[in-house]
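These notes are about the structure you will find just below.
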Amino acid sequence: MAKNTQKNQAQYNKKARKKYNDNNFKYQTVCFKIEEIEEINAYCEKHGIAKNTFFRESCMNAIGKTID
């Protein structure tokens, strides 16, 4: 019975996260050359940075802001 509760909780969390993201975020697709994205991936892995965080910080720094 506990597994069903955990499954229901996971489904609720997934729906809540989707609703939050839909209301608070927009997605942007960016194209890179294969070599460029491989270098970015290697940099992020080496420094333990999530790629999303890397891109957000880079973009916000470019416009003089920080990420929350």
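Would you mind stating whether residue 66 is open to solvent by less than 100 Å² (accessible area, probe 1.4 Å) and either in a helix (DSSP H, G or I) or of a type outside the set (A, V, I, L, M, F, W, C) (or both)?
Numbers: open to solvent by less than 100 Å² (accessible area, probe 1.4 Å): no; either in a helix (DSSP H, G or I) or of a type outside the set (A, V, I, L, M, F, W, C) (or both): yes.
So residue 66 fails the test.
Which of the residues belonging to the range 16-32 are within 16 Å of residue 56 (Cβ to Cβ), loosely packed, with under 10 Cβ neighbours inside 10 Å and of a type in the set (A, V, I, L, M, F, W, C)? Outline the logic, then answer.
Our first condition is that a residue be within 16 Å of residue 56 (Cβ to Cβ); within the range 16-32, this holds for 21, 24-30, 32.
Now drop any that are not loosely packed, with under 10 Cβ neighbours inside 10 Å, which leaves 24-30.
Result: 25, 30.
From 57, 35, grab the single residue that is surrounded by 11 or more Cβ atoms within 10 Å (Cβ to Cβ) and part of a helix (DSSP H, G or I).
Details: 35 fails: surrounded by 11 or more Cβ atoms within 10 Å (Cβ to Cβ).
None of the other options fit; the residue is 57.
Looking only at the range 1-56, count every residue that is over 14 Å from the mean Cα position of the chain (by Cα), modelled with pLDDT of 90 or more and among the aromatic types (Phe, Trp, Tyr) and tell me the total.
2
Is it the case, given these coordinates, that residue 13 is without any contact (Cβ under 8 Å) to a residue 12 or more places away in the chain, part of a helix (DSSP H, G or I) and open to solvent by less than 90 Å² (accessible area, probe 1.4 Å)? Reasoning before the result, please.
Details: without any contact (Cβ under 8 Å) to a residue 12 or more places away in the chain: yes; part of a helix (DSSP H, G or I): yes; open to solvent by less than 90 Å² (accessible area, probe 1.4 Å): yes.
Judged against the criteria, residue 13 is a match.
The values are calculated or read from the model by the stated rules, or taken from the named source; none is laboratory data. What you see is a predicted model, and the numbers here were worked out from it, not measured in a lab. Using ideal geometry, Cβ is built from the backbone for each residue, glycine included, and neighbour counts are taken over all protein chains shown. Accessible surface areas use protein heavy atoms only, side chains included; no ligands, DNA or RNA. Shrake-Rupley method; radii C 1.70, N 1.55, O 1.52, S 1.80 Å.
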